[in-house]
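Here is the structure we will look at, set down as structure tokens.
The values are calculated or read from the model by the stated rules, or taken from the named source; none is laboratory data. Treat the numbers as computed from the prediction; the structure is a model and nothing was measured. We place every Cβ from the backbone using ideal geometry, glycine too, and count neighbours over all the protein chains shown. For the accessible areas, the whole protein counts, side chains as well, though only heavy atoms, and no ligand, DNA or RNA atoms are used. Shrake-Rupley method; radii C 1.70, N 1.55, O 1.52, S 1.80 Å.
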Amino acid sequence: YMLLPYYYSLFYEAHTTGMPIMRPVFFADPTDRALRTEDDLFLIGDGLLVHPQLTLNADRVPAFPKGIWRELPLEGADNPDIPDFYIKGGSILPTGPKVQYVGEKPLDPLTLLVTLDEHIAAQGTIYRDSGEGFAYREGDSLLATYLASRTGNTVTIERARSDGSLPEHTHGLHVSPEGNSDIVF
């Protein structure tokens, strides 16, 4: 459930572009022929790779896409029935608080999981609306794009663009960087 803000943003992307939410791993790099036959991994959006343990002894090593893929430590990840999750370098994923069901509490505060790429940068988009009704058709929503970069030990996050009439996440937005970097927002 902590990934609900990410899923919600992906459903907006699917609604506007037709891109599937769950994607074959070759979507990460269509030129890599090894990924064309890889069926032990899949993507959720562009930024999250899922590696379920499909062999009895977890002895098969799948072909990962090139680039940086940092493991997303989740509660209960030591359970062998829970897949491994990896965040793509260059991604900013919006996440919510830990909840047991959707209506337990509001999805505030949001946390941005920042994973920098080899160019020491990252980008991510967050979509939100009221969650009910059709007011989003008249712009009662927010689509915000965030950029991250690192200089020394400081990671700077900036809102590059925002569209819609809902207020920004100024009071309920946290950032969780890789490593032990300071954050400037």
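Overall, the accessible surface of the range 35-78 at a probe of 1.4 angstrom is composed of carbon and sulfur to the extent of 50 percent. Think of a 1.4 Å ball rolled over the protein heavy atoms: the chain then has 59 Å² of accessible area per residue. Placing +1 on the Cβ of every Lys and Arg and -1 on the Cβ of every Asp and Glu, with nothing else charged, gives the range 49-137 a dipole about its Cα centre of roughly 280 debye. Partners of residue 66 within straight-line reach, counting lysines whose Cα lies under 16 Å from its Cα and excluding those fewer than 8 residues away in the same chain: 88.
When the trypsin sites (Lys or Arg not before Pro) in the range 1-62 are filtered for DSSP coil states and for at most 13 other beta-carbon atoms within 10 Å of their beta-carbon, the remaining sites are 60. Of the GluC sites (Glu not before Pro) found in the range 1-86, those that fall in a DSSP loop while having at most 13 other beta-carbon atoms within 10 Å are 75.
Per residue, the chain reaches -2500 deg cm²/dmol at 222 nm when only DSSP H runs of four or more residues are counted, each adding -39500 (n - 2.57).
Computed from Cα positions, the angle between helix 4-17 and the longest principal axis of the chain comes to roughly 90 degrees. Ratio of Rg to Rh for the range 1-62: 1.03 [Cα atoms; Kirkwood radius as inverse mean 1/r over pairs].
Annotation: aspartates and glutamates with alpha-carbon distance below 17 angstrom to residue 105 (same-chain offsets under eight excluded): 129, 132. The smallest convex shape that holds all Cα atoms of the chain, its convex hull, gives 138 Å³ per residue. Sequentially through the range 99-107, phi angles give Karplus couplings (6.51, -1.76, 1.60; θ = phi - 60°) of 9, 9, 7, 4, x, 4, 7, x, 7 Hz, Gly and Pro residues having no value and appearing as x.
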